[in-house]
Amino acid sequence: MLVTITDKVTMDKIVSLAKRRGFVFPASEIYGGIANTYDYGHYGVLLKNNVKGQWWKALLQERDDVVALDSAIIQHPRTWEASGHLAGFTDPLIDCRVCKRRFRADKLEDAVCGQKPSKQPGQGPDCDLTDPREFNLMFKTQIGPVADDGSVAYLRPETAQGIFLNFKQYLQFSRKRPPFGIAQVGKSFRNEITPANFIFRTREFEQMEMEFFVPPDEAEEWHKYWCQTRYDWYVKLGIRPDHLRLRPHDPDELSHYSSATSDVEYLYPGSMDWGELEGIANRGNFDLTQHAEHSRQNLEYVDPSGARYLPHVIEPAGGVDRAALAFLIDAYDEDEIEGETRTVLRLHPALAPVKVAVLPLVRKDGQPELAREIVAGLREQMQAEYDESGAIGKRYRRQDEIGTPWAVTVDHRSLEDQTVTVRDRDSLTQERIPISQLPGELAKRLATPWRSPKLNA
Ligand code: ATP
């Protein structure tokens, strides 16, 4: 049996694979690490680039009503006054007077008194808890050499506000009018009190956000449209539909600015259960109203008939790290080949860090030279890797673990008749084709709509 479905994936396996193969690992390790902070290694960078690339492709390349922005991380501090973050971007926190730890009041079940780990979390008799206090999640910093009130600034807790600040500029130079969107990808920072679950919740993370500006009476329709469109994006890139859901927020969950929000949620393994990948909110005209008031600028749009209005905004806001994690988990599989367990990432080829590996069967007889020539040609077209060290089976296994969809093997026959074999990561079939047809064949395979073999199992 070659391909089997597995429900054996656990977070431990993902964390260990991510470290072993250099996708993601704890940051500052030579100093003993820094809590819940991670660095992305070579394959992690390639994977995240592909996630972001697919997001940009869906919004910029495949449609013409969205334009791009890359705004500053540190904006004018009044931005956060207007957006409501300064006053309201808080978590209610409870301190334990014994172990000095802080817990989120709404997540006390996670709390374990550090001094008395054997006691009941949070409420144990040895925990001496304070009343909840509001704690702002924004990271404070200062601009310039003088530390006074006038120099306080904040690292952005979301990329969205940079978009609202530039709305007027975009009306002038982008030649777009509502309905249209401004999209941005970049780092955001939140002083999360309970970061957890690997890269699911960290203090520094990347967001992919778009503000889609629409005439007020079209907001509800566009909200529905973007919920479905964003859900479909994850499915198209290989997430199993039974691991994905769109969950509308209950009225008491909604942010003050939102009239409707739905989250795209992924079914993470184990106790993590359903967790948010992306939120799609109908923000009304809250943000533009706030920034117009605080900046005393007129941010209204004047339509061709002369009518003025503040557009309403639909915001799909996703996390690059959470998406990358979900793609890794959903791709993880184990099967058996010749009595041995193989770990394989069945990543969508568009997301796979490396598209093709070129491997000489042996390190002699001109095979390495020919393989290097082939890989050099393929590099023009796609991320390709050359590997000549170790037994061929081991090298296949290594590529399987990083999710490389195809491996090209150069053997003794290749030198005689200029053909190579192409091994498929999922079906394990090996097809012999002329070297001259390789670029075309791989391009064709990359362009073919992909369906996870896990869905057939
Ligand atoms: P949560 O409820 O999980 O804290 P949120 O609703 O506050 O998330 P948003 O403000 O809607 O999150 O941010 C949009 C997206 O940014 C989230 O869907 C998530 O993918 C990502 N994100 C938010 N906070 C973090 C974090 N601390 N670490 C990693 N990704 C995050």
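Placing a label point 7 Å from the Cα of residue 29 along the Cα-to-Cβ direction, none of the residues of the range 196-225 has a backbone N under 12 Å of that point. Within the accessible surface of the chain, defined with a 1.4 Å probe on protein heavy atoms only, the carbon and sulfur portion equals 49 percent.
Between 213, 233, 45, the Cα set farthest toward the positive side of the dipole of the chain (charges on each charged residue's Cβ, about the Cα centre) is that of 45.
Relative to the present Cα-Cα distance, how much length would full extension add between residue 379 and residue 225 at 0.36 nm per residue of separation?
Values: separation 154, 0.36 × 154 = 55.44 nm, distance 3.81 nm.
Stretched fully, the residue 379-residue 225 segment lengthens by 51.6 nm.
Each label point was placed 7 Å from the Cα along the Cα-to-Cβ direction; for residue 363 and residue 97 their separation is 6.7 nm.
Considering only DSSP beta bridges whose two residues both sit in the range 322-457, what percent are antiparallel, to the nearest 5?
Values: 15 of 23 bridges.
Around 65 percent of the beta bridges assigned by DSSP in the range 322-457 are antiparallel ones.
If you sort the three axes of the alpha carbon gyration tensor as a ≥ b ≥ c, you get a/c of 1.5 or more for the range 354-456 and a/b above b/c, which makes it prolate. Of all DSSP beta bridges confined to the chain, the antiparallel ones make up roughly 85%. Report note on the peptides 207-215, 69-77: ranked by the mean count of other C-beta atoms within 10 Å, highest first, their order is 207-215, 69-77.
What the chain shows is 47 Å² of accessible area per residue, with the surface traced by a 1.4 Å probe over protein heavy atoms.
Give me the extension gain from residue 20 to residue 259: residue separation times 0.36 nm, minus the current Cα-Cα distance, reported in nm with one decimal.
Details: separation 239, 0.36 × 239 = 86.04 nm, distance 4.45 nm.
Gain on stretching residue 20 to residue 259: 81.6 nm.
Subtracting the Cα-Cα distance of residue 448 and residue 147 from their residue separation scaled by 0.36 nm leaves 102.6 nm. Ignoring lysines fewer than eight residues from residue 13 along the same chain, the ones with Cα atoms less than 30 angstrom from its Cα are 48, 52, 107, 116, 119, 187, 236, 355, 394, 454. With respect to the chain, whose longest principal axis is taken over its alpha-carbon atoms, helix 392-402 is tilted by about 20°. When the alpha carbon coordinates of the chain are projected onto the principal axes, the ranges are 76, 69, 48 Å, largest first.
Can you tell me how the range 25-107 classifies by the Cα gyration tensor, rounded, prolate or oblate, using a/c under 1.5 as the rounded cut? It is oblate, given that a/c is not under 1.5 and a/b is not larger than b/c.
The values are calculated or read from the model by the stated rules, or taken from the named source; none is laboratory data. From a predicted model like this one, the values you see are computed outputs, not experimental measurements. Cβ sites come from the backbone with ideal geometry, for glycine too, and all protein chains shown count toward neighbours. Accessible surface areas use protein heavy atoms only, side chains included; no ligands, DNA or RNA. Shrake-Rupley method; radii C 1.70, N 1.55, O 1.52, S 1.80 Å.
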